[in-house]
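S.K.: Okay, here's the structure, questions in a sec.
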Amino acid sequence: MAEGPGRVVAAATDGACSGNPGPGGWGALLRFEDGSVEEFGGHDPATTNNRMELQAALELLQRLKDLPRHPDLTLRTDSKYLIDGLGSWMKGWKRKGWRTAAGKPVLNQDLWKALDQAQLADVPLRYVKGHSGDPDNDRVDRIAVAFSQGRSPALATAAAGATTAPASVSDSADDPAPLELQRLLSRLELADRLAEGGYGLTAVELAQLVEQPLKRLELKQMAWSWRDWQVEPLEECRWRLRRREGGSEQS
(Lines give C-alpha, C1' and ligand atoms only; values in the text may rest on other atoms or scores of the structure.)
Protein backbone atom coordinates (compact mmCIF):
# COMPACT_ATOMS: atom_id res chain seq x y z
CA MET A 1 0.00 0.00 0.00
CA ALA A 2 1.38 3.42 -0.97
CA GLU A 3 2.23 5.75 1.84
CA GLY A 4 -0.26 8.59 2.24
CA PRO A 5 0.51 12.28 2.62
CA GLY A 6 1.05 11.90 6.38
CA ARG A 7 -0.48 13.92 9.18
CA VAL A 8 -2.34 17.19 8.72
CA VAL A 9 -0.03 19.98 9.91
CA ALA A 10 -2.06 23.11 9.07
CA ALA A 11 -5.72 23.97 8.53
CA ALA A 12 -7.57 27.16 7.60
CA THR A 13 -11.15 28.23 6.81
CA ASP A 14 -12.98 31.34 5.68
CA GLY A 15 -16.43 32.46 4.57
CA ALA A 16 -17.62 35.23 2.27
CA CYS A 17 -20.89 36.75 1.13
CA SER A 18 -21.68 39.01 -1.85
CA GLY A 19 -24.13 41.12 0.10
CA ASN A 20 -25.08 40.18 3.63
CA PRO A 21 -27.44 38.41 3.21
CA GLY A 22 -26.78 37.35 -0.36
CA PRO A 23 -24.94 34.69 -2.37
CA GLY A 24 -22.21 33.17 -0.24
CA GLY A 25 -19.20 30.90 -0.39
CA TRP A 26 -16.82 29.14 1.93
CA GLY A 27 -13.28 27.84 1.60
CA ALA A 28 -11.10 25.40 3.52
CA LEU A 29 -7.53 24.15 3.30
CA LEU A 30 -5.54 21.26 4.77
CA ARG A 31 -1.75 21.07 4.58
CA PHE A 32 -0.02 17.69 5.02
CA GLU A 33 3.42 16.55 6.21
CA ASP A 34 4.57 15.65 2.72
CA GLY A 35 3.94 19.23 1.54
CA SER A 36 0.73 18.45 -0.34
CA VAL A 37 -2.40 20.55 0.08
CA GLU A 38 -6.10 19.72 -0.09
CA GLU A 39 -8.53 22.57 -0.79
CA PHE A 40 -12.32 22.50 -0.88
CA GLY A 41 -15.23 24.90 -0.74
CA GLY A 42 -18.85 25.49 -1.63
CA HIS A 43 -21.60 27.93 -2.58
CA ASP A 44 -24.93 28.96 -1.05
CA PRO A 45 -27.27 31.12 -3.16
CA ALA A 46 -28.83 32.92 -0.17
CA THR A 47 -26.95 33.13 3.11
CA THR A 48 -24.88 35.37 5.41
CA ASN A 49 -21.18 35.83 6.05
CA ASN A 50 -21.48 34.32 9.54
CA ARG A 51 -23.17 31.19 8.21
CA MET A 52 -20.42 30.74 5.66
CA GLU A 53 -17.74 31.05 8.37
CA LEU A 54 -19.51 28.34 10.38
CA GLN A 55 -20.10 26.12 7.35
CA ALA A 56 -16.42 26.26 6.41
CA ALA A 57 -15.32 25.21 9.90
CA LEU A 58 -17.93 22.44 10.03
CA GLU A 59 -16.87 20.96 6.69
CA LEU A 60 -13.19 21.07 7.65
CA LEU A 61 -13.69 19.48 11.08
CA GLN A 62 -15.78 16.70 9.57
CA ARG A 63 -13.02 16.07 7.03
CA LEU A 64 -10.34 16.13 9.76
CA LYS A 65 -12.14 13.59 11.94
CA ASP A 66 -10.80 10.61 10.00
CA LEU A 67 -7.34 11.98 9.17
CA PRO A 68 -4.09 11.64 11.17
CA ARG A 69 -3.31 14.96 12.85
CA HIS A 70 -0.06 16.53 14.03
CA PRO A 71 -0.20 17.41 17.76
CA ASP A 72 0.56 21.08 16.99
CA LEU A 73 -2.31 21.39 14.50
CA THR A 74 -4.61 24.40 14.88
CA LEU A 75 -7.53 25.62 12.81
CA ARG A 76 -6.65 29.13 11.65
CA THR A 77 -9.58 31.51 11.11
CA ASP A 78 -10.20 35.26 10.97
CA SER A 79 -13.73 34.80 12.38
CA LYS A 80 -14.02 35.96 15.99
CA TYR A 81 -17.68 34.95 15.76
CA LEU A 82 -16.62 31.33 15.28
CA ILE A 83 -13.91 31.45 17.95
CA ASP A 84 -16.08 33.18 20.58
CA GLY A 85 -19.06 30.95 19.82
CA LEU A 86 -17.17 27.68 20.24
CA GLY A 87 -14.86 28.94 22.96
CA SER A 88 -17.24 30.69 25.34
CA TRP A 89 -20.78 31.46 24.17
CA MET A 90 -21.89 27.90 23.43
CA LYS A 91 -21.81 26.71 27.04
CA GLY A 92 -24.27 29.43 28.04
CA TRP A 93 -26.48 28.84 25.03
CA LYS A 94 -26.79 25.15 25.86
CA ARG A 95 -27.63 25.86 29.51
CA LYS A 96 -30.40 28.23 28.37
CA GLY A 97 -31.86 25.83 25.80
CA TRP A 98 -30.09 27.49 22.86
CA ARG A 99 -31.19 30.98 23.82
CA THR A 100 -29.09 34.09 24.29
CA ALA A 101 -28.71 36.05 27.51
CA ALA A 102 -31.61 38.22 26.26
CA GLY A 103 -33.81 35.13 25.90
CA LYS A 104 -33.85 35.15 22.09
CA PRO A 105 -33.20 32.02 20.01
CA VAL A 106 -29.56 31.68 19.01
CA LEU A 107 -29.02 32.58 15.35
CA ASN A 108 -27.59 29.86 13.09
CA GLN A 109 -28.19 27.26 15.78
CA ASP A 110 -28.44 24.45 13.21
CA LEU A 111 -24.80 25.04 12.35
CA TRP A 112 -23.77 25.66 15.95
CA LYS A 113 -25.32 22.34 17.01
CA ALA A 114 -23.52 20.54 14.21
CA LEU A 115 -20.24 22.22 15.20
CA ASP A 116 -20.81 21.19 18.80
CA GLN A 117 -20.84 17.56 17.62
CA ALA A 118 -17.94 18.01 15.19
CA GLN A 119 -15.46 19.72 17.53
CA LEU A 120 -12.12 17.95 17.93
CA ALA A 121 -10.49 18.32 21.33
CA ASP A 122 -7.00 18.15 19.82
CA VAL A 123 -7.64 20.91 17.22
CA PRO A 124 -7.93 24.32 18.91
CA LEU A 125 -8.95 27.41 16.98
CA ARG A 126 -6.38 30.15 16.39
CA TYR A 127 -7.26 33.69 15.34
CA VAL A 128 -5.41 35.23 12.43
CA LYS A 129 -6.17 38.76 11.24
CA GLY A 130 -7.80 38.75 7.82
CA HIS A 131 -5.88 40.18 4.85
CA SER A 132 -2.71 40.38 6.94
CA GLY A 133 -0.48 38.39 4.59
CA ASP A 134 -1.05 34.98 6.19
CA PRO A 135 -0.76 32.74 3.08
CA ASP A 136 -3.33 30.11 4.05
CA ASN A 137 -5.86 32.67 5.29
CA ASP A 138 -5.45 34.65 2.07
CA ARG A 139 -5.94 31.47 0.04
CA VAL A 140 -9.16 30.31 1.73
CA ASP A 141 -10.48 33.88 1.47
CA ARG A 142 -9.93 33.74 -2.29
CA ILE A 143 -11.68 30.38 -2.51
CA ALA A 144 -14.66 31.63 -0.48
CA VAL A 145 -14.97 34.86 -2.49
CA ALA A 146 -14.79 32.97 -5.78
CA PHE A 147 -17.63 30.65 -4.77
CA SER A 148 -19.70 33.57 -3.44
CA GLN A 149 -19.41 35.22 -6.86
CA GLY A 150 -20.50 32.07 -8.69
CA ARG A 151 -17.01 31.19 -9.95
CA SER A 152 -15.35 27.79 -9.69
CA PRO A 153 -11.77 28.19 -8.40
CA ALA A 154 -9.04 25.71 -9.24
CA LEU A 155 -8.48 23.64 -6.10
CA ALA A 156 -5.44 21.67 -4.95
CA THR A 157 -5.76 17.95 -4.26
CA ALA A 158 -3.78 16.24 -1.50
CA ALA A 159 -2.81 13.29 -3.67
CA ALA A 160 -0.02 15.22 -5.35
CA GLY A 161 -0.45 18.79 -4.16
CA ALA A 162 -1.48 19.64 -7.72
CA THR A 163 -4.33 21.84 -8.86
CA THR A 164 -7.12 20.87 -11.21
CA ALA A 165 -9.11 23.64 -12.87
CA PRO A 166 -12.83 23.08 -13.50
CA ALA A 167 -14.19 23.88 -16.93
CA SER A 168 -15.93 27.03 -15.68
CA VAL A 169 -14.34 30.37 -14.88
CA SER A 170 -10.94 30.12 -13.18
CA ASP A 171 -10.22 31.76 -9.82
CA SER A 172 -7.58 33.89 -11.51
CA ALA A 173 -9.65 34.91 -14.52
CA ASP A 174 -9.73 38.59 -13.64
CA ASP A 175 -6.75 38.81 -11.27
CA PRO A 176 -3.90 41.24 -12.04
CA ALA A 177 -1.33 38.44 -11.64
CA PRO A 178 -1.39 34.62 -11.78
CA LEU A 179 -2.66 33.00 -8.59
CA GLU A 180 0.59 31.18 -7.76
CA LEU A 181 2.59 34.42 -8.02
CA GLN A 182 0.15 36.19 -5.72
CA ARG A 183 0.43 33.36 -3.18
CA LEU A 184 4.23 33.50 -3.40
CA LEU A 185 4.21 37.27 -2.86
CA SER A 186 2.06 36.87 0.27
CA ARG A 187 4.51 34.31 1.68
CA LEU A 188 7.55 36.48 0.93
CA GLU A 189 5.94 39.56 2.51
CA LEU A 190 5.08 37.50 5.57
CA ALA A 191 8.66 36.17 5.78
CA ASP A 192 9.96 39.75 5.73
CA ARG A 193 7.72 40.74 8.65
CA LEU A 194 8.69 37.65 10.62
CA ALA A 195 12.38 38.37 10.08
CA GLU A 196 12.05 42.04 11.03
CA GLY A 197 10.21 41.14 14.22
CA GLY A 198 12.61 38.36 15.18
CA TYR A 199 9.72 35.98 15.74
CA GLY A 200 10.26 32.29 16.47
CA LEU A 201 8.39 29.70 14.42
CA THR A 202 7.50 26.12 15.22
CA ALA A 203 8.43 23.47 12.67
CA VAL A 204 4.78 23.26 11.62
CA GLU A 205 4.55 27.02 11.05
CA LEU A 206 7.84 27.03 9.16
CA ALA A 207 6.69 24.16 6.93
CA GLN A 208 3.56 26.16 6.14
CA LEU A 209 5.59 29.24 5.22
CA VAL A 210 8.29 27.61 3.07
CA GLU A 211 5.93 24.94 1.70
CA GLN A 212 8.26 22.06 2.44
CA PRO A 213 7.36 18.69 4.01
CA LEU A 214 7.42 18.79 7.80
CA LYS A 215 9.39 15.53 7.92
CA ARG A 216 12.17 17.17 5.91
CA LEU A 217 12.35 20.16 8.24
CA GLU A 218 12.42 17.97 11.34
CA LEU A 219 15.70 16.47 10.06
CA LYS A 220 17.42 19.86 9.93
CA GLN A 221 19.55 20.90 12.92
CA MET A 222 21.84 23.60 11.53
CA ALA A 223 21.07 26.96 9.92
CA TRP A 224 20.02 26.79 6.27
CA SER A 225 18.95 29.15 3.50
CA TRP A 226 15.52 29.71 2.02
CA ARG A 227 15.26 32.28 -0.75
CA ASP A 228 16.51 35.60 0.73
CA TRP A 229 16.51 34.43 4.34
CA GLN A 230 18.74 32.48 6.68
CA VAL A 231 16.70 30.03 8.76
CA GLU A 232 18.33 29.70 12.19
CA PRO A 233 17.56 27.12 14.89
CA LEU A 234 16.36 28.29 18.31
CA GLU A 235 15.67 26.39 21.51
CA GLU A 236 12.66 24.07 21.86
CA CYS A 237 12.60 23.09 18.16
CA ARG A 238 11.81 26.59 16.96
CA TRP A 239 13.26 28.58 14.06
CA ARG A 240 13.90 32.23 13.23
CA LEU A 241 14.26 33.96 9.87
CA ARG A 242 17.04 36.46 9.24
CA ARG A 243 17.33 38.43 5.99
CA ARG A 244 20.53 37.39 4.19
CA GLU A 245 22.92 39.68 2.39
CA GLY A 246 23.69 38.89 -1.24
CA GLY A 247 21.99 36.24 -3.36
CA SER A 248 18.85 34.21 -2.85
CA GLU A 249 20.07 30.62 -3.06
CA GLN A 250 17.48 28.15 -1.77
CA SER A 251 18.24 24.90 0.04
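The values are calculated or read from the model by the stated rules, or taken from the named source; none is laboratory data. If you're wondering where the values come from, they're calculated on a predicted model, not measured in any experiment. Cβ: placed from backbone, ideal geometry, glycine included. Neighbour counts: every protein chain shown.
S.K.: Out of all the residues in the stretch 1-36, which are hydrophobic (A, V, I, L, M, F, W, C) and in a loop (DSSP other than H, G, I, E, B)? Explain how you work it out, then say what you get.
M.R.: Taking the stretch 1-36 as the starting set, the residues that turn out to be hydrophobic (A, V, I, L, M, F, W, C) are 1-2, 8-12, 16-17, 26, 28-30, 32.
Across the stretch 1-36, the qualifying residues are MET1, ALA2.
S.K.: Answer yes or no as to whether VAL123 is farther than 30 Å from ARG216 by Cα and modelled with pLDDT of 95 or more.
M.R.: On the way: farther than 30 Å from ARG216 by Cα: no; modelled with pLDDT of 95 or more: yes.
No, not satisfied.
S.K.: I've got another one for you. Mind checking which residues of the stretch 186-200 are out of contact with any Leu (no Cβ under 7 Å at 6 or more places or on another chain) and outside any loop (DSSP other than H, G, I, E, B)? Talk me through it step by step, then tell me what you get.
M.R.: Step one: filter the stretch 186-200 for residues out of contact with any Leu (no Cβ under 7 Å at 6 or more places or on another chain), giving 186, 188-189, 192-193, 196-199.
Of everything in the stretch 186-200, those that are out of contact with any Leu (no Cβ under 7 Å at 6 or more places or on another chain) and outside any loop (DSSP other than H, G, I, E, B) turn out to be SER186, LEU188, GLU189, ASP192, ARG193, GLU196, GLY197.
S.K.: Condition (residue is modelled with pLDDT of 85 or more, loosely packed, with under 13 Cβ neighbours inside 10 Å and over 24 Å from ASP136 (Cα atoms)) applied to the stretch 234-242: is it met by at least one residue?
M.R.: Within the stretch 234-242, one or more residues are modelled with pLDDT of 85 or more, loosely packed, with under 13 Cβ neighbours inside 10 Å and over 24 Å from ASP136 (Cα atoms).
S.K.: Please go through the stretch 76-125 and give me each residue that is of a type in the set (Gly, Ala, Ser) and assigned to a loop (DSSP other than H, G, I, E, B), ordered by number.
M.R.: SER79, GLY97, ALA101, ALA102, GLY103, ALA121
S.K.: Here is a further query. Within the stretch 52-75, count every residue that is part of a helix (DSSP H, G or I) and surrounded by fewer than 20 Cβ atoms within 10 Å (Cβ to Cβ). Write out each step before concluding.
M.R.: Start the filter on the stretch 52-75 by keeping residues that are part of a helix (DSSP H, G or I), which leaves 52-64.
From what is left, the residues that are surrounded by fewer than 20 Cβ atoms within 10 Å (Cβ to Cβ) are 59, 62-63.
Matching residues across the stretch 52-75 total 3.
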